[in-house]
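**Student:** Right, I'll just put the structure down here and ask away after.
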């Protein structure tokens, strides 16, 4: 695992060194080429701004109003009916939040880890879940928005299916590994 | 579906706030969300410019094409509509690599760049192409080898073994990614006449 951590630590400095040096050796005007590419950064940032604000608006209002807890509370009996320990229901807010917002999910996961302890079942499950799926809804709206796609076809359903599989797999693997 | 989810979250949030006597929270949340959106976008402009500049250097030096050719056989099967040396393929590979290494702020610029390149090859400008759906399925379910942020949170909460969740995380993502890739493959093949 240390090897991978080291790769992550060195990856960016090495890219910053290797790409310009190789480009220079291939007679690319390195500085001018870099600046020309960087120009697009501003345009892209401005283009995705409305999508960011739109998504954040509805997510923030939903979470800050306490609706997330209420919806999670409603879903609680479902856990018992699926034959799972009702205590696992503490994970529901995180499972709902995960596809919606990265920082929001991290907040919920941090709270769960501190409340139940990092080495508790909920703590381990929250950690696994947080690391294993991405903010599907957010990524889709921003990525599609940035190039003007309005019809997502099956992309959202597919992304949410992957999140659901990630949730089920997390419960399964955490139970199997630690208990 | 997006329109419906967006409206539902907003409407349910406002109704709950009204019923629990915290309606003024909605105003605060809405204003904060707008501010946060700008903050995130401004922050992104900085890293986007940095990575897109570097990406252009790599392109001009022919490195992106080289990477695309190197990993092409692997990714080509997932993206049959793309040419083996397509610039989109290069950006997709950079995005996936950044995701795997957990370099979140590098992944987004490469991802947006990949979408831009995919859009150039899209024949229906406002409808997602199959290649885009595959890319997003791959992107949102991608394996991260070191979930650094959550390890940090566990460390701060005095975990006896903060990194013990690396294995479970990789297995869980692996399951999600496998299912996403298989289902996407099945959908594409069913739709092709």
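The values are calculated or read from the model by the stated rules, or taken from the named source; none is laboratory data. Everything numeric here is computed off the predicted structure, so don't read it as measured data. Glycine also receives a Cβ, built like all others from the backbone with ideal geometry; neighbour counts cover every protein chain displayed.
**Student:** Please specify each residue of region A:109-129 satisfying the condition of being assigned to a helix (DSSP H, G or I) and either surrounded by fewer than 22 Cβ atoms within 10 Å (Cβ to Cβ) or out of contact with any helix residue (DSSP H, G or I) (no Cβ under 7 Å at 6 or more places or on another chain) (or both).
**Tutor:** Step one: filter region A:109-129 for residues assigned to a helix (DSSP H, G or I), giving A:109-116, A:121-129.
Scanning region A:109-129 gives A:110, A:111, A:114, A:115, A:116, A:121, A:122.
**Student:** Hey, another quick one. Determine, yes or no, whether residue A:32 is more than 7 Å from chain B (Cβ to nearest Cβ), surrounded by fewer than 22 Cβ atoms within 10 Å (Cβ to Cβ) and out of contact with any helix residue (DSSP H, G or I) (no Cβ under 8 Å at 6 or more places or on another chain). Show your work before the answer.
**Tutor:** Numbers: more than 7 Å from chain B (Cβ to nearest Cβ): yes; surrounded by fewer than 22 Cβ atoms within 10 Å (Cβ to Cβ): yes; out of contact with any helix residue (DSSP H, G or I) (no Cβ under 8 Å at 6 or more places or on another chain): yes.
Against the criterion (more than 7 Å from chain B (Cβ to nearest Cβ), surrounded by fewer than 22 Cβ atoms within 10 Å (Cβ to Cβ) and out of contact with any helix residue (DSSP H, G or I) (no Cβ under 8 Å at 6 or more places or on another chain)), residue A:32 qualifies.
**Student:** Another one. As an exercise: evaluate residue B:48 against (1) under 30 Å from residue B:134 (Cβ atoms); (2) in a helix (DSSP H, G or I); (3) without any contact (Cβ under 8 Å) to a residue 40 or more places away in the chain and give the number of the one condition it does not meet.
**Tutor:** The number of the failed condition is (3).
**Student:** With respect to the numbered conditions (1) facing chain A (nearest Cβ under 7 Å); (2) surrounded by fewer than 20 Cβ atoms within 10 Å (Cβ to Cβ); (3) more than 20 Å from the chain's Cα centre (by Cα); (4) closer than 20 Å to residue A:137 by Cα, which one is the sole condition not fulfilled by residue B:11?
**Tutor:** Failing condition for residue B:11: (1).
**Student:** Would you check if residue A:132 is within 7 Å of chain B (Cβ to nearest Cβ), out of contact with any strand residue (DSSP E or B) (no Cβ under 9 Å at 6 or more places or on another chain), closer than 29 Å to residue B:113 by Cα and crowded, with 21+ Cβ neighbours inside 10 Å? Don't jump to the end; show me each part of the working.
**Tutor:** Details: within 7 Å of chain B (Cβ to nearest Cβ): yes; out of contact with any strand residue (DSSP E or B) (no Cβ under 9 Å at 6 or more places or on another chain): yes; closer than 29 Å to residue B:113 by Cα: yes; crowded, with 21+ Cβ neighbours inside 10 Å: yes.
Yes, satisfied.
**Student:** While we're looking at this one, here's another question. Can you list residue pairs whose Cβ atoms sit under 8 Å apart, with the first residue in region A:63-92 being on the phi > 0 side of the Ramachandran plot and the second being assigned to a helix (DSSP H, G or I)? Count only pairs 6 or more apart in sequence or on different chains.
**Tutor:** Short answer, once both residue conditions are applied: A:66/B:16; A:66/B:17.
**Student:** Looking at region B:152-169, which of its residues are surrounded by 20 or more Cβ atoms within 10 Å (Cβ to Cβ) and either more than 7 Å from chain A (Cβ to nearest Cβ) or not in a helix (DSSP H, G or I) (or both)?
**Tutor:** Correct list: B:159 only.
**Student:** Let me ask another. Would you call residue A:173 farther than 17 Å from residue B:174 by Cβ, in contact with a helix residue (DSSP H, G or I) (Cβ under 9 Å, 6 or more places away or on another chain) and at pLDDT 90 or above? Spell out the reasoning first.
**Tutor:** On the way: farther than 17 Å from residue B:174 by Cβ: no; in contact with a helix residue (DSSP H, G or I) (Cβ under 9 Å, 6 or more places away or on another chain): yes; at pLDDT 90 or above: yes.
Taking the combined requirement at face value, the residue does not satisfy it.
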